[in-house]
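I have placed the structure first, in the form of structure tokens, so that the comments after it can refer back to it.
Values quoted throughout were computed directly from the atomic coordinates according to the rules given, and no laboratory measurement underlies them. Fair warning: this is a prediction, and the values are worked out from it, not measured in the lab.
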Amino acid sequence: MLQTIEVEIDAQGQVHPVGLNKPLPPGRALLTLLTPPANEEALLSESALAEDWLKPEEDVAWAYLQPVR
């Protein structure tokens with residue numbers, strides 16, 4: 001039987017069940033982390049933004065910030 005439970009992971013990586021009144025049974029389990037990496041949003045939006053970043057108009061718009069040659 002598959003069962004889903006909520007757990008907390010402490011700083012040492014130990015898994016602690018939340019609201020479970022008995023210890024976890026020995027065995028194997030799959031763990032899904034719900035906290036995304038800090039840069040996940042940036043990575044997901046990069047390809048969409050790149051379409052605009054690579055336009056020649058963008059180079060012109062930002063040219064004043066480039067060092068003088």
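The slack in the chain from T35 to L2, taken as 0.36 nm per residue of separation less the alpha-carbon distance, amounts to 9.6 nm. Computed on the Cα trace of the range 26-67, the radius of gyration divided by the Kirkwood hydrodynamic radius gives Rg/Rh = 1.39. Distant-in-sequence amide contacts of V7, defined by a placed amide H-H separation under 5 Å and a gap of 5 or more residues or a different chain, comprise V18.
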